[in-house]
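Working notes for the structure below.
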Amino acid sequence: MKFNEMTYTRPDIDALLAECKQLAAKAAAADSDEAIVETYYEQSRAFADYTTASNLANIHYTCDTRDAYWKAEQDFFDANGPAVSNASVEISRAFLSNPHVDALTKALGTTCVAGMKNAVLGMDERTLDLQKEYNALVSQYQQIYGGALVELDGKQLTIPQLGPYKESLDAKTRRAAYEAEAGYFDAHRAELDELYTKIVKNLNAQAKLMGYHDYSELSYVRMNRIGYGPEEIQRFRDQVAHDVVPELQKVIALKAKRTGIEHPTFCDLPVSFKDGNPKPIEGYEARMAAARTMYHELSPETAEFIDFMQDNELFDVESRPGKMNGGYMTSLPSYKAPFIFANWNGTSADVDVLTHECGHAFEGYVAERDPHVPADLECPGMESAEIHSMAMEFLTAPWHKLLFGKDVDKYALQHAEDSFLFLAYGCIVDEFQHKMYQNPDLTPDERNAVWLELEHKYRPWVDFDNLPFYGRGAGWQRQLHIYECPFYYIDYCLSTMAALQFFLLSLKDHKDAWQRYLKLVRRAGLASYTELCETAGLKVPFTDGSIKAIAQEMGQWIAAHQV
Ligand SMILES: [Zn+2]
């Protein structure tokens, strides 16, 4: 069915909540292994129509935020969503109380029961007021950031609109763009500092109330991290510091040679090539035709997938007034249909977002068609879901020439470099947050000093050159995850580790790399990060020494593919 033919009906919340109550009773009372598994499937089906309606409303709303009808529907789900989530947690609590609960692990793998435990452990009614206060703090941050307008080039620009100026081939223009941005954040210095103090205090208060030492500990439950904890993450970051950073320094040196910028400062880092960054082909139809060819030639599975997506018009990727920023993939379970949303702007990021979201959508498409996979276990944790997307960015590389023409080699180099360099930045963001919640009484200046220390540890090549705002170590305040979804960041590093391994495997034997990817995708959300890596024969980056060889191979490939 085409997207525009899908019908929307506002769900009956009272009926759904009543059904949830019945399901919770059934989950608690199931008196055999078969009965509890059957009830699990039943509860996962119960949310299909609600989820479909909620996601349909959200798609229509984000495609045109000025539409009053869809704004009202979006408000309806914002208001009723928490009650539905709570009802779902109560069903989990009922399953966990059932003596047959281990049958769920036997039938559905390690993530089902562990995920329910995290859902129950992460919620506590005594924190409701603190949660409301936290949401209000996030809104204040969004107002400061989202409302930012700065003056440059005789124009009033938003922060995202500074992007092209930051990539300009003229050094003065780049510096001016960063200074314009810095000026805005400096003007809001006191507010941003105070907001963060309140956020740290608030989340630590929630953690203490629930019996945790601080929020850095509780975050592992709230992020539904299964099979690893703070020790594993620390071992991962240590390896990045010891084994990845030296390779990245070589990458940066080669880049300086290539761009002719001998002593690059922070403002010079976005420049990848002397004659400008790679540009994709233009035109919606041409790009979509290229994508169809690409996925037809990649595998029979992706051929079926792309035909379904394009024939049913499950894309909205062009930018236009009224459309919300960003990109995402979402699912419409009642129609077994993924949907892809993006905002193309003519840069190579258009191809990143297309292959990235197609990776998420392909996994959703496969999982929705597997009767063994309950709807609520179609997708694994965030650190694993991003493997589907980031690996797809690399596994489509043999067809990128269709989308980049003569710039294809530049794109391959830039994409590999950026993914590799991201590991360092991601670790800064993660270690910084652990330190902030473990030392909640630091002053704003002390926090910035911690950030600069971590910059030095993971990105020793960065020279802020007295740039305002960034130079005093406050650059973390523009990383919205730190305010809006604390600790959601190391996920991108963990999935990058898997994606880089898929890339390196594909260079040796692309067919084999694809088959491994498909095996991982087919486990849907029924396996943990470690199990998914092992399924595909990938190294798990928590063990000492697991990263070094990967980092060296990346460094060698990048050195050999300078453009
Ligand atoms: Zn993603």
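The values are calculated or read from the model by the stated rules, or taken from the named source; none is laboratory data. Keep in mind it's a predicted model, so treat the numbers as computed, not measured. Cβ coordinates were reconstructed from backbone atoms using ideal geometry, including for glycine residues, and neighbour counts include every protein chain displayed. SASA here: full protein model, heavy atoms, side chains in, ligands and nucleic acids out. Shrake-Rupley method; radii C 1.70, N 1.55, O 1.52, S 1.80 Å.
List of remarks:
- Condition check for PHE308: over 30 Å from ILE558 (Cα atoms), in contact (Cβ under 8 Å) with a residue 24 or more places away in the chain and away from the ligand (no atom under 16 Å from the Cβ): yes
- Helices (runs of 4 or more DSSP H) wholly inside segment 490-563 that include at least 2 residues being free of Cβ contacts under 8 Å to residues at least 12 places away in the same chain: 490-508, 510-522, 548-560
- Taking first residues from segment 116-144 that are over 22 Å from THR158 (Cβ atoms) and modelled with pLDDT of 95 or more and partners that are open to solvent by 40 Å² or more (accessible area, probe 1.4 Å) and assigned to a helix (DSSP H, G or I), the Cβ contacts under 7 Å between residues at least 6 apart in sequence or on separate chains come to MET116/LEU96; LYS117/LEU96; VAL120/ARG93; VAL120/LEU96.
- Inter-residue pairs, beta-carbon under 6 Å, first farther than 16 Å from LEU16 by Cβ and in segment 65-81, second modelled with pLDDT under 90, 6+ apart: THR65/GLY322; THR65/MET324; ARG66/GLY322
- Yes/no for GLY426 being at negative phi, of a type outside the set (A, V, I, L, M) and not in a helix (DSSP H, G or I): no
- Any hit, segment 453-469, residues being part of a helix (DSSP H, G or I), out of contact with any Lys or Arg (no Cβ under 9 Å at 6 or more places or on another chain) and aromatic (Phe, Trp, Tyr): no
- For segment 453-467, the condition holds for at least one residue, the condition being that it is farther than 22 Å from ARG222 by Cα, among the hydrophobic types (A, V, I, L, M, F, W, C) and touching a Gly at 6+ places or on another chain (Cβ under 6 Å).
So that you can scan it fast, the table gives a plain yes or no per residue for (1) within 12 Å of the ligand (Cβ to nearest atom); (2) open to solvent by less than 30 Å² (accessible area, probe 1.4 Å); (3) modelled with pLDDT of 95 or more:
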residue	(1), (2), (3)
PHE339	no, yes, yes
THR347	no, no, no
THR355	yes, yes, yes
GLU363	yes, yes, yes
ASP370	no, no, yes
PRO380	no, yes, yes
HIS400	no, yes, yes
ASP407	no, yes, yes
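- Residues in segment 316-327 that are buried (at least 16 other Cβ atoms within 10 Å of the Cβ), more than 14 Å from MET6 (Cβ to Cβ) and either more than 16 Å from the ligand (Cβ to nearest atom) or not hydrophobic (A, V, I, L, M, F, W, C) (or both): 2 in all.
- Considering segment 28-73, and only residues there that are small (Gly, Ala, Ser) and outside any helix (DSSP H, G or I), the residue that is farthest from GLY115 (Cα to Cα) turns out to be SER32.
- Residue, farthest from the chain's Cα centre (by Cα), within segment 382-398, restricted to residues that are surrounded by fewer than 24 Cβ atoms within 10 Å (Cβ to Cβ) and within 11 Å of the ligand (Cβ to nearest atom): GLU393
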